[in-house]
Every structure is written in structure tokens, then in C-alpha cells.
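First comes the structure, then the notes that go with it.
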Amino acid sequence: MMRFLPLTAALCSVLLVCPVSAQQTFFYGQDATLPAVGPLGADHASIAVNSYGDSFVAYHSLFASHRHMVEGMGIFALGNGQFQTGSTTHFALGNQSLNVLGEDSCIKPDVVALPDDSFVVCWPRLDKSGLNPARIEMCRVVMRDSAGAPLAIPQVIAPQSGVGYVIDDNFNATDSGGMVDLVNLEDGSVMAIYAHQTSRVIDSQTNTTWREYDLRMVRVDWNLDPSDPNFAHTPTPLVSQIPFDNPGSRPPIGGQILPDVVLDDNANIVLAYEEFWVNGHGGVCGSNLGRIVVKRFASFQSATPLMEMNNNYFTRDPSRGQRRPNLSTSRFDNQNSVSLTWGHEDIWYKIISRQIQYQPSGTAVQNLYWNNSPLHEDTLPAVAHGANISRFTLATRAFPNSNALIVARSHQMDMLEIPTSVDYPLRPAVALLEEDNCAGGIDQFLYTAYEGANTENPNDFRIHLVIRRVP
């Protein structure tokens, strides 16, 4: 079946795909394949960009016995639309072969850029045998010197090669997977947030599992030496008693709770996560309820740090789980707002995108454009919230013999297919670089990482990166 999504002439000029193989230099619009140490596929990419236009992509790769390694690739911006990678910017950050916990697996990292243009990467390390508690690790990657010149060999600040600083040495990942999300607090520190399972009850008659989670947070101050006792604060619950149940039939797939966090224009913390309550949880009878929750908390600099300020709840089919929320925001949009996207299961998976504007009187919610197909699944969305009214939702659309990577532009109310170098792209991750062009406008550059291959076999997947000017 042929498919066609119109591309404007302006977009065509910056979306052309010219795969980069062994060479280390690529340009706007070229599709660069990133290397992986793991021989059985790479996935779950996250991406951050600094003020120079350098980017860092963190991902994990699969080894035998279902054990993963966290890897990272730094990409230097050389100017004039030129970018460079190489063996000196590829790192094994969370190394499963060290057997730190026993049967180690390091998975699903996140990355943010700090104000000094370095990058912080964070990930969970799990013991697949279940004999040891999981832990959260973190490292920092410095790509430029104090004068802004690229380092010949970027510096990984970590206690040892393949192991990060431990910021929580005793959390219960279990069914959630413990996927961590980071936010740059804009003062040289970051906050990590992740799900810690606090209870699990299994009903053997109905095969229902009732679970509750805390969303733990740890503030880590990179202004301090990691040996300083105030470097990593004590892990603290930000939200408690979050249900995420398994009804036995049509169970939720993949990680659970899956927090995402950004700062609003006043450095308040905006947090999105999943919850799914199933009849009988806590002995209470009632209809199943799945929803995305978005809460805003007062900034660390406020008189009442972490006080809950606002909450919003989003459902589509309330009897099913709403999945994988993703947030984005900008300081150039002339309003205090965030964009949100997530997926939900109907007959098949669909995408929903919204904007939340924070006002003195409360919140205002409006739709962002995405046109779900009546024939095809749309999955694994990400959102980029740009200057003024630029809002972009990216996701994967499944066709009978291929996938398409789609971007929906809310202002133009159109959907465009992004050319990719593989037939089955999946799971886009995005970062938006915004630069004041000194002519009264903002230039925008969309950094998109995705996983995929020319087959649907995850063992063949590699991480790809494409950087584009936004017309």
C-alpha cells in the first residue's frame, strides 16, 4: 500500500536523508547511525543539546541473558551545519559486565544539559536475579573546556569506568522498571525522579495484581565535588501511593509510571506520570481508571519548595491505561505553558497531545494537532515545545510493511513524514535548540534520535540521529 504525507518545499530542503556510515562528520538533514557495544540491538534513546549545539544521546544496548549496558554518544557542533562524532565520544557508562550487583542490567537512561554546557546522564542498575535492590547511578560528561573549545577526548566524571555515582542504593524497581527522568534545575544541579514500588498484592483467583508506587526524587548538586556529603540529597517521595495495577487480561506492556519532568518559566517543577487503578485495589470496588496526571510543584527557590500548585488529569478511554507521557516547554513562547503528549489503547494505539497554560487563576488546556489514522497504529510519541506558537508532536505510524516517523505541526495543522534511513523507525526522542538570531526572531533546530532497522527484529536495531533546521 502506498502512503503519502505532503512535504512543503521548505521542509524538503532540510529533511533529505543521506546516511552516514564510517565517516565521523555529518550535516543538517543527514541520518547518522550511532554505534553500539551490545551485539543484540540498541534502543530507548534520550537526547539533550547544549548552547553550542553539541548533543549527547544516551541509550542502552542488549547483551545475552537479557542484560543491558548504558551507552552514550557525544556529538560536537562544528559550525556551518556540520557535526562530528568518533570513537573518543562514544562511552560505555553503565557496564553490565562488571557484575556490581550480581546479574547486572543497566537500562533506560536519561540525559540533560547543564548551564555550563556539560551533560548529566542517569540510569537504573538492576539485579536481574532479584537478590539485590536496584540503584540509581549518575555521571557527568564534559565536552568543552572553560573557553568553549572542544576537548580532544571528552571527560566522563564518574567513580570508575562503567559505573556512575550512586544517588539511591536501595530502591524497588520490580514491575515498573525504575525508568528515571532528569530535569536541569538551572543552578548547576539536577533532579532525578523515578518510580519506587511500595506494595504488590496478587489475587490468585482473578490473576489481578494491585501495585502502588512512590515517585522518588533526588537533587544532585554538580557545583560540589561528588565526595561532598551534600552532593546528592536523600531520596524523598514527591508523590506517593500511585496505583498501577495489572488486571490479568490485556496487561500493561513495558515500564510503568514513567515520569517526565520539566521546569516552567518560573522554575516550578511540572511532573507528568501514569496511573492505572483496577477494581478491587485496596478493597474498593469500582470501575477501572487509567489516566495521565500532571502536577506542578513550587520551585526549590520559593518560600514553600515543592508545594503542590496545580494538577490536571487526562483520560481518553478511562477503562484502559494511558501511557508514556512526554513533556516539553520553552522560555521563548511568550506564555507560561508546557506541551504534553501520550498514547492510549483503543482498538489500537493512538496519540493525544495537549498544551497546559499556567495562569494566576489556574490552568487552561487546549488541543495540539495530531490526526490519528483509522487504519494504522500511532505509538510512542514525543513532543517539542518551541518559541512563540511552534509545537511539534512526533510518533511512529505502523504500516503493513514498514513504519513511518511522523511529525505533526500544531500551528500549520499538518502532518509530515520524516525521511529515515531504515524501514522500521521507532520511538523518537527530541530536543529543540532555540537561538536568538539578533534580528528579533528565534532560530530553531530539531534534534531527533530514534531506534530502528530494516527489519522488525529488535536485535537489529541501532540508534539514529538527525538534526534539522526548523523552517
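When region 239-260 is limited to residues that are in a strand (DSSP E or B) and touching a Pro at 6+ places or on another chain (Cβ under 8 Å), the one that is surrounded by the fewest Cβ atoms within 10 Å (Cβ to Cβ) turns out to be 246. Counting only residues that are in contact with a Ser or Thr (Cβ under 8 Å, 6 or more places away or on another chain), assigned to a loop (DSSP other than H, G, I, E, B) and open to solvent by less than 10 Å² (accessible area, probe 1.4 Å), which one in region 30-57 is modelled with the highest pLDDT? That would be 50.
Scanning region 140-163 finds one or more residues that are open to solvent by less than 40 Å² (accessible area, probe 1.4 Å), under 17 Å from residue 223 (Cβ atoms) and under 19 Å from the mean Cα position of the chain (by Cα). In region 102-109 there is at least one residue matching the filter, namely being at positive phi, open to solvent by 10 Å² or more (accessible area, probe 1.4 Å) and touching a residue at least 12 places away in the same chain (Cβ under 8 Å).
Restricted to region 417-467, and to residues there that are in contact with a helix residue (DSSP H, G or I) (Cβ under 7 Å, 6 or more places away or on another chain) and at pLDDT below 95, the residue that is least open to solvent (accessible area, probe 1.4 Å) is 418. For region 87-121, residues that are assigned to a strand (DSSP E or B) and either within 17 Å of residue 143 (Cα to Cα) or among the polar types (S, T, N, Q) (or both) total 11.
Are any of the residues in region 144-165 under 19 Å from residue 77 (Cα atoms) and among the basic types (Lys, Arg)? Yes: region 144-165 contains one or more residues that are under 19 Å from residue 77 (Cα atoms) and among the basic types (Lys, Arg).
Name the residue that is most open to solvent (accessible area, probe 1.4 Å), counting only residues in region 261-293 that are part of a loop (DSSP other than H, G, I, E, B) and among the acidic types (Asp, Glu). Among those residues, the one meeting the criterion is 265. Contact annotation: residue pairs with Cβ atoms under 6 Å, 6 or more positions apart or on different chains, pairing a residue in region 320-341 that is touching a residue at least 12 places away in the same chain (Cβ under 8 Å) with a partner that is of a type in the set (Asp, Glu) and crowded, with 23+ Cβ neighbours inside 10 Å, are 325/260; 326/260; 327/260.
Among strands (runs of 3 or more DSSP E) entirely within region 294-347, having at least 3 residues that are open to solvent by 60 Å² or more (accessible area, probe 1.4 Å) and not charged (D, E, K, R) singles out 308-314.
Find the residue count for region 151-169, including only residues that are part of a strand (DSSP E or B) and at pLDDT 95 or above. Total meeting the criteria: 12. Within region 111-122, does at least one residue satisfy the condition of being on the phi > 0 side of the Ramachandran plot, among the charged types (D, E, K, R) and modelled with pLDDT of 95 or more? Among the residues of region 111-122, at least one is on the phi > 0 side of the Ramachandran plot, among the charged types (D, E, K, R) and modelled with pLDDT of 95 or more, which makes the answer yes.
The values are calculated or read from the model by the stated rules, or taken from the named source; none is laboratory data. Since this is a predicted model, take the numbers as computed values, not measurements. We place every Cβ from the backbone using ideal geometry, glycine too, and count neighbours over all the protein chains shown. Only protein heavy atoms, including side chains, enter the accessible area calculation; ligands, DNA and RNA are left aside. Shrake-Rupley method; radii C 1.70, N 1.55, O 1.52, S 1.80 Å.
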